[in-house]
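All remarks here apply to the structure that follows.
The values are calculated or read from the model by the stated rules, or taken from the named source; none is laboratory data. Quantities reported herein were computed from a predicted structural model and do not represent experimental measurements. Backbone-built Cβ (ideal geometry, glycine too); neighbour counts: all protein chains shown.
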Amino acid sequence: MDIGILRRDGRTDAFFDGTAAERLMIRHCAECDVHLAPDATSCPGCGDEDPGWARASGDASLVSWTVTHGRPAEDGTVPEPALLALVELDEGPWLYTRLAVARAALREGLPLTAAYVHPDEGESYLLFTERGSVG
């Protein structure tokens, strides 16, 4: 399923600079030494309203997932279903993402690793694959 064209908005520059270079960037509060999701706007511990950025390992575990089905196109073709997931990064934050995993392999706690897609137009984006899989 096509996700459309992603565009950065100024607040997401560090994240998209990272995905373009195949690095997962997440927020990090230096004061609390806690990692936060990339979309965090402040630290819940100390209230810092501009936590910095840090490189994450790219490893995660599957928390939950769903399968979404797109609408048929005018020509009758049906898009492939998309797997949407909630993953827990090894650094702690949870992240909403897409999966590139065989549906039969899906299970809570499945070890995952970050992969990057570089479309012809728009920003590079992140998805997760099964850790140790070839491809």
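Which of the residues that make up the range 15-39 are of a type in the set (A, V, I, L, M) and either under 11 Å from E91 (Cα atoms) or surrounded by 17 or more Cβ atoms within 10 Å (Cβ to Cβ) (or both)?
L24, M25, I26, V34, L36, A37
Of all residues in the range 4-14, those being of a type in the set (A, V, I, L, M, F, W, C), assigned to a loop (DSSP other than H, G, I, E, B) and surrounded by 13 or more Cβ atoms within 10 Å (Cβ to Cβ) number 1.
Flag set for G109, criterion: modelled with pLDDT of 95 or more, exposed (fewer than 11 other Cβ atoms within 10 Å of the Cβ) and small (G, A, S). S133 fulfils the conditions (1) surrounded by 10 or more Cβ atoms within 10 Å (Cβ to Cβ); (2) modelled with pLDDT of 90 or more except for a single criterion, (2).
Scanning the range 66-106 for residues that are touching a helix residue (DSSP H, G or I) at 6+ places or on another chain (Cβ under 9 Å) and either hydroxyl-bearing (S, T, Y) or closer than 30 Å to H35 by Cβ (or both) yields V67, L83. Out of curiosity, is G58 of a type outside the set (D, E, K, R) and within 19 Å of Y96 (Cα to Cα)? Judged against the criteria, G58 is a match.
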